[in-house]
Amino acid sequence: MIRIFGDKIFVGEFDLEKIVENYDTPFYIYDLEVVERRFIGLTEMLRNYYENNGISFKILYALKANSNPDIVSLLRILGSGFDAASPWEAETAIELGARSDDIYITAPGLSKKDLMYVVDKNININIDSMTQLNRLIELGYKKTIGVRINPGFGAGFHRYATTGGEYVKFGINLNELDEIIRYAYRKDVPVSRIHSHVGSGIMDPDIHLRVLERLLNISIKYEDINEIDLGGGFGISYDDDRDYPFEDFLKKSLALIKRSLGDKEIRILIEPGRYIVARSGLLVARVTDVKKAGDKTIILIDTGFNHFMRPVLYGARHRVLVLRKINWEKKIRADIYGNLCESTDFLGLNIDLPKIDVDDIIIFMDTGAYGYSMASTYNLRPLPLEIIVYKDKIKLSRERFLPKIKINI
């Protein structure tokens, strides 16, 4: 677990100050015990509300949140299935021991080559368009399929994270659904699953209940549909320790399922990513410079939006700590910028901090999701280290990485 004692931070059994002495910044560090506890806790809640009331379920971890091989391996051992947004995510899970039957791919704009991979590996798929369906038929896909619908509304912590409603690229419109289901049945790829994902970082369970009600109403109309995939989007608060209220959602959803389905049996799939891994991760960076700009303090660090894009892309604000100065009085208001040649390269604006010196260690909390997985090598700066901690064990999970440069002029 990630714990704070005075001015010290412990990741598992390890003092972060000692870790910084042994590994060069910047790096991501993940506590696998946090991942384990959150997955097991969610599984126990689903068993209590669903399985104990005759409703089967499956958790599909959303690989796009964090595809670190140690995290994926742990979740596979714990019994997770996997939600993949590309063939490469699916192949990562397979290489780490996942069965094809436990992988579900859902993505817009899949090419013919992408779909050939799905067919060759016999992976489950939720189609996003009639084009995808026709290509699967052409390629000889032999499994039943799911259909991702656009339920007509969306939600999310930011408009860029909203994936339902008008003018979005995701899913099939409800008025096209009946035609697609009938067509798929005639082509011997019947629809057995209905899927929807309306956005990310959602904290209001009523949004997922509204999605569930729409999917239940569809499943009642079609005898062959025996799976409902609610997608993901289960959020956490980055300001404090509040999480998506799963107990509240599951309690209300159980009543809704029982009321809607009667005797029909159905399996519920959910695709949590952020909820499972966000709290497990820290991004650790070193202060390289401190400047003044008017009355503002500018702090520069040895990482940037190439390693952590959420603040720039979504305006996200993560809690920021300063190693050895956690409980010091906050005397300055500062902007934290990265080391890229890019004016938008900030990781935190208007942050209250103690006095900062060059070589101080800055820690961005709750960065286990959509950190490394969205990172790039912009400015030809390598991807950061990834370090794994599990109780009293620590290891380097992935080396700093930069693609080899080949110049042939």
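A compact table of results
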read-out	value
Some residue of the stretch 6-20 being of a type in the set (D, E, K, R), more than 15 Å from R279 (Cα to Cα) and in a helix (DSSP H, G or I)	yes
Matching option when the condition is part of a strand (DSSP E or B) and either within 24 Å of K8 (Cα to Cα) or not assigned by TED's automatic domain parsing to the domain that holds L313 (or both), among I388, I356	I388
Of all residues making up the stretch 24-47, the number that are exposed (fewer than 15 other Cβ atoms within 10 Å of the Cβ) and not assigned by TED's automatic domain parsing to the domain that holds L60	1
When residues of the stretch 310-333 are limited to those that are at pLDDT below 95 and of a type in the set (A, V, I, L, M, F, W, C), the one nearest to A285 (Cα to Cα)	I326
Any pair with Cβ under 6 angstrom, 6 or more apart, that starts in the stretch 121-142 at a residue that is assigned by TED's automatic domain parsing to the domain that holds P190 and ends at one that is of a type in the set (S, T, Y)	K121/S100; N122/S100; I123/S100; N124/Y104; N126/T106
Failed item in (1) within 17 Å of G368 (Cβ to Cβ); (2) of a type in the set (A, V, I, L, M); (3) in a strand (DSSP E or B), with I71 passing the rest	(3)
Yes/no for D83 being more than 30 Å from V287 (Cα to Cα) and either assigned to a loop (DSSP other than H, G, I, E, B) or in contact (Cβ under 8 Å) with a residue 40 or more places away in the chain (or both)	yes
Sole residue being under 20 Å from the mean Cα position of the chain (by Cα) and of a type in the set (D, E), chosen from E36, E21, E51	E36
Any hit, the stretch 312-319, residues being assigned by TED's automatic domain parsing to the domain that holds E21 and farther than 25 Å from T377 by Cβ	yes
Filtered residue count, the stretch 315-332, keeping only those that are part of a strand (DSSP E or B) and more than 31 Å from the chain's Cα centre (by Cα)	1
Among the candidates A278, A293, A285, residue that is at pLDDT below 95 and either at negative phi or among the aliphatic types (A, V, I, L, M) (or both)	A293
Conditions (1) surrounded by fewer than 20 Cβ atoms within 10 Å (Cβ to Cβ); (2) part of a helix (DSSP H, G or I); number of the one not met by K58	(2)
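Results for (1) closer than 20 Å to D357 by Cβ; (2) out of contact with any helix residue (DSSP H, G or I) (no Cβ under 7 Å at 6 or more places or on another chain), shown as yes or no for each residue.
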| position | (1), (2) |
| --- | --- |
| L230 | no, no |
| S237 | no, yes |
| R242 | no, yes |
| E247 | no, no |
| L282 | no, yes |
| K291 | yes, yes |
| K296 | yes, yes |
| H307 | no, yes |
| A316 | no, no |
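The values are calculated or read from the model by the stated rules, or taken from the named source; none is laboratory data. Owing to the predicted nature of the structure, the values given are computational and were not obtained by experimental measurement. Heads up, the Cβs are rebuilt from the backbone with ideal geometry, glycines too, and the neighbour counts pull from every protein chain shown.
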